[in-house]
Amino acid sequence: MIKNVKVYKNKLKIQFFDKRECSFLNIWLRDHARDKDSWDKRSNQRKIFTAKLDPNLYIKNAKIRKDGKSIDILWSDENKIINYSSKFFIENSINHKSKKSSFKLWTKNKVIKDKFIDFEEAISDKGFKLFLNKLYQKGFVVVKNCKNNMSSVDKIAKKIGYVRNSIFGGLWSFESDKNMADSAYTQEELRPHTDSTYSNDAPGLQLLLCCKYKATGGESILVDGFKIAEKIKKEKKDLYNILTSFEVTGQYIGDGVFLEAKRPVLKLNKENNLIQVSFNNYDRAIFNENNKKTKKFYDAIREFDLIANNKDYQWRHILKPGELLIFNNWRVLHGRGSFKGNRKIFGCYINKEDFDSCCRVNNLI
């Protein structure tokens, strides 16, 4: 509840009974007003013309309502009173810390036990949030008892968002094929990597459904890229700084396309929090840099890649027919052991923004 409010020339300061404090500039408060003339609740869109707001507008009066749950503000521009809730102030304070779901980093020995979920439970109204929470927190989940067809992949994808079209199509299947210009279509070992480092907006999720397995080997390999980053940041900060600043170019050349994109192995946001791991030694393009920076870069990716290939950091599992692996391609590196025989996979990608949207709708972030 709100204890006190103080009006200044260009801002408002609020104090709560739990001793929290926050302040907001007048122009910000007026721009973010949620009254019917300023905000369209139906479409969740702003109605006011921000550029026409008086840059010198001020608060004539601010009064706490008797229940302490909101403040009535009388503005100078239209001489109107607009109500702001305590929840609005708290959630939009720069000091606010969300209590919503967070990542659970893992290694081989710390992979959470409940990494499997049944298909029917995953697509049910009640079970979907459990499935989504597993995927968000750990970066991956295995859905069991799927039907061995594209429909299973499509149903899971559509619960989250929609299937992303790429150079491989929307829903796709693959077996070993020497005619394809991609290492995934071989029977050779695939070391841990993320997909589409050559795309400006790499897919957020990848779904892989095993529909045929008459082979030996071919286990799926997963590594928590955020855990690798945490280890390097703690133990070798100089290499971490290289991984977060040196932009690496990824390329896909073949099948009539030439795709290229550039970003650091570890991408940070403006608060210096890690938001994306982007590492694929197969698709890394030629780069030209001075010798000093080049040496540091190789030192950094050597450290990163050796950890990614350390079995103590890997979760390994042979997908059986009817098992669908889904993982966060912005966090979890994936690979595959070499195999002999026949192995057929159905799959698709989902955009990161659609995964994030689904998590927000379900109150996870």
Strands (runs of 3 or more DSSP E) completely within segment 1-41 that count 3 or more residues being free of Cβ contacts under 8 Å to residues at least 40 places away in the same chain and either touching a strand residue (DSSP E or B) at 6+ places or on another chain (Cβ under 6 Å) or not assigned by TED's automatic domain parsing to the domain that holds Ile81 (or both): 11-16, 21-25
Subset of segment 283-317 (residues that are in contact with a helix residue (DSSP H, G or I) (Cβ under 7 Å, 6 or more places away or on another chain) and surrounded by 13 or more Cβ atoms within 10 Å (Cβ to Cβ)): Lys296, Phe297, Asp299, Ala300, Glu303, Phe304, Ile307, Ala308, Tyr313, Gln314, Trp315
Segment 264-284 residues that are without any contact (Cβ under 8 Å) to a residue 40 or more places away in the chain, paired with ones that are assigned to a loop (DSSP other than H, G, I, E, B) (beta carbon under 7 Å, 6 or more apart): Pro264/Phe246; Val265/Ser278; Val265/Phe279; Lys267/Ser278
Any hit, segment 98-105, residues being within 30 Å of Pro192 (Cα to Cα), hydrophobic (A, V, I, L, M, F, W, C) and surrounded by 13 or more Cβ atoms within 10 Å (Cβ to Cβ): yes
Some residue of segment 114-123 being free of Cβ contacts under 8 Å to residues at least 12 places away in the same chain and either farther than 24 Å from Glu230 by Cβ or basic (Lys, Arg) (or both): yes
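Condition check ((1) closer than 23 Å to Ile365 by Cα; (2) surrounded by fewer than 17 Cβ atoms within 10 Å (Cβ to Cβ); (3) of a type outside the set (Lys, Arg); (4) at pLDDT 95 or above) across all residues:
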site: Lys144; (1), (2), (3), (4): no, yes, no, yes
site: Lys147; (1), (2), (3), (4): no, yes, no, yes
site: Val153; (1), (2), (3), (4): no, no, yes, yes
site: Ser166; (1), (2), (3), (4): no, yes, yes, no
site: Leu171; (1), (2), (3), (4): no, no, yes, yes
site: Glu175; (1), (2), (3), (4): no, yes, yes, no
site: Lys178; (1), (2), (3), (4): no, yes, no, no
Within segment 318-344, considering residues that are at pLDDT below 95 and in a strand (DSSP E or B), the one surrounded by the fewest Cβ atoms within 10 Å (Cβ to Cβ): Lys340
Segment 252-269: number of residues that are of a type outside the set (A, V, I, L, M, F, W, C), more than 19 Å from the chain's Cα centre (by Cα) and surrounded by fewer than 18 Cβ atoms within 10 Å (Cβ to Cβ): 4
Subset of segment 42-65 (residues that are assigned to a loop (DSSP other than H, G, I, E, B) and under 35 Å from the mean Cα position of the chain (by Cα)): Arg42, Ser43, Asn44, Lys47, Ile48, Phe49
Subset of segment 6-60 (residues that are among the polar types (S, T, N, Q) and within 17 Å of Ile73 (Cα to Cα)): Asn10, Gln15, Ser23, Asn26, Ser38, Asn56
Positions within segment 222-244 being more than 30 Å from Leu324 (Cβ to Cβ) and surrounded by 15 or more Cβ atoms within 10 Å (Cβ to Cβ), in sequence order: Ile232, Lys233, Lys236, Leu239, Tyr240, Asn241, Ile242, Leu243, Thr244
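The values are calculated or read from the model by the stated rules, or taken from the named source; none is laboratory data. The shown structure was predicted, so the numbers you read here are calculated from the model rather than taken from an experiment. Cβ atoms come from the backbone with ideal geometry, glycine included; neighbour counts cover every protein chain shown.
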